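Shown next, in structure tokens, is the structure this report addresses.
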Amino acid sequence: MLLVRGIEPSFRWRAFTEEILDLAESADVDLFVTLGAWLGPTPHTRPVPTTVSSDSEDIVHRFDIARSEYDGPTGIVGILNHGASQLGIPAFSLWAEVPHYAGGPPSPKATLALVSRLEHLLDLNLPRGSLEAESRAWQRGVEELASDDEEITEYVRSLETAQDTVELPEASGDAIAKEFERYLRTRGDDDAKG
């Protein structure tokens, strides 16, 4: 296993990509995995959501993951995965969603979620060192930050409610559509009264 850790380059993407892909090719890598995190509307009080995707039909079926549907600007992850695929190296991306209000990276809790998901996908055990303790400390720090600010506390509650609603078994597409239609009808009645 080769591990390359670093920040997405701002310049010289082509040289960076070529160097990484040359290393992968010379080491006879048989699977290319990119890991990353993005800031999003997720509560710190819940498990970190992870997303796995690939453009390769073989990888999608092999790991039972989503086919990448993204169509838009890309970063180094997209470029590396595309380059690996061009070399015949199967590739997928694994992302963690980090609460945007939590002060930014690093997030040991997100790192732990990535490691756990990667272990599950590849059926292996990775050394975690102090990652679990760091994750708990990060969680406590964000809880302190949130408890000191009523606006953040309220925002976190709304994120929890939204996530819990989506994860309910009855939150099917039909149930959500009916609830939204009910909301629109109620709103229409309020507008007519106002």
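The values are calculated or read from the model by the stated rules, or taken from the named source; none is laboratory data. Owing to the predicted nature of the structure, the values given are computational and were not obtained by experimental measurement. Counting neighbours? That spans all protein chains shown, and the Cβs are built from the backbone with ideal geometry, glycine included.
Descriptive notes on the structure:
- Across the range 1-50, the qualifying residues are those that are surrounded by 16 or more Cβ atoms within 10 Å (Cβ to Cβ), polar (S, T, N, Q) and farther than 24 Å from Leu87 by Cα, and the one among them that is modelled with the lowest pLDDT is Thr42.
- Residue list for the range 1-46, restricted to those being part of a loop (DSSP other than H, G, I, E, B), polar (S, T, N, Q) and touching a strand residue (DSSP E or B) at 6+ places or on another chain (Cβ under 7 Å): Thr42
- Residue count, the range 96-113 (criterion: surrounded by fewer than 21 Cβ atoms within 10 Å (Cβ to Cβ) and either out of contact with any helix residue (DSSP H, G or I) (no Cβ under 9 Å at 6 or more places or on another chain) or in a strand (DSSP E or B) (or both)): 4
- Some residue of the range 143-157 being without any contact (Cβ under 8 Å) to a residue 60 or more places away in the chain, under 27 Å from Ser53 (Cβ atoms) and of a type in the set (Asp, Glu): no
- Considering the range 65-93, the residues that are in contact with a helix residue (DSSP H, G or I) (Cβ under 6 Å, 6 or more places away or on another chain) and assigned to a strand (DSSP E or B) include one that is farthest from Ala133 (Cα to Cα), namely Arg67.
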